[in-house]
1. So if we plug the beta-carbon distance of ASP68 and MET136 into 1/(1 + (r/R0)^6) with R0 = 45 Å, what FRET efficiency do we get, rounded to 0.05?
2. In what sequence do THR62, THR48 fall when counting other Cβ within 10 Å, fewest first?
3. Under a plain spin-label model, where a point goes 7 Å from the Cα along Cα-to-Cβ, how far apart in nm are LYS237 and GLU61?
4. Taking the beta-carbon count within 10 Å as an exposure proxy, list THR132, THR220 from fewest neighbours to most.
5. Please order PHE67, PHE95 by the number of other Cβ within 10 Å, starting at the fewest.
6. Expressed as a fraction of 2.2 N^0.38 Å, the rule-of-thumb size for a compact globular protein of N residues, what is the C-alpha radius of gyration of the range 72-222?
7. Can you give the extra length, in nm with one decimal, that the chain gains between ASN125 and GLU172 once fully stretched, where that is 0.36 nm per residue apart less the Cα-Cα distance?
8. Using a Förster distance of 41 angstrom, determine the FRET efficiency expected from the C-beta separation of THR78 and ASN106, and round it to 0.05.
Amino acid sequence: MADAKTTSVDRQSKQALTKKLAETRQENKPHSQRYLKLRDAVEQAAQTTYSLEEAIAKSKETATTKFDSSIELHLHLTPKKGKKGTEDEYARGVFHLPNGLGKTRNVVILNEEMIEEIAKSGAVNFDVALATPALMPKLGKIAKLLGTKGKMPNPKAGTVTDNPEVVKQEIEAGRVEYRQDAGRNIHQMIGKSSWETDKLVGNAKAVLASFTRNRLMSVTVTSTMGPSIAVSLDSLK
């Protein structure tokens, strides 16, 4: 019995030693200059806060994917007074991004004929649906279908309106809907890493303009698969 126990301990020790040697070899493995530069940038980003302009520039530097990475702005908000679990607790609205998002959004203005076509085919071939208040009672037959896809017109999102043509133009020009999640976070893409910094900064400022300074607990910028880069709240005017 003792020999069997000793053999088991020896086996575990050998496995631990093998793992440690593998880790050591990995640590000592030479890395490319690109890897070392990115590692240093990530370590620095984790210990520093930047102005909005600096954070966006840094996120472009750390965007090393082979594709054109998205640049995102992440906001963590302070709690909002209200009854827990009610809609009023959650920040929701629209951002007007002056430089758009670099992609065309298919926006439709629903009418009775389109409602019948969607109900019959089940096809939802658009990004955003707009409706007038008068049309809303007739959306019942496709409400569940649109709701599960997040495309049901909603007054709080500004997609139920008496002026759908105007709203359609605004959305195509860079208007996007937002809603905070359960953790009081808002995640908003502001452009691509290939864009000029000024265009990204313009969109970021449009997002931040929707909130007073005391509603912001933290602001970070990140690229796809890149590090989170903290923005100094004191630098935000």
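1. Calculated transfer efficiency: 0.70.
2. With the sparsest Cβ surroundings first, the list reads THR48, THR62.
3. 2.4 nm
4. Values: THR132 15, THR220 18.
In increasing order of surrounding Cβ atoms, one gets THR132, THR220.
5. Exposure proxy ranking, most exposed first: PHE67, PHE95.
6. 1.14
7. Residue separation times 0.36 nm, minus the Cα-Cα distance, leaves 15.3 nm.
8. Details: r = 36 Å, r/R0 = 0.87.
Taking R0 as 41 Å, the efficiency between THR78 and ASN106 is 0.70.
Read the figures in this text as sums done on the coordinates, not as results from a lab. On a predicted model such as this, the values are computed, not experimentally measured, just so you know. Methodologically, a virtual Cβ is constructed for each residue, glycine included, from the backbone with ideal geometry; neighbour enumeration extends over all protein chains shown.
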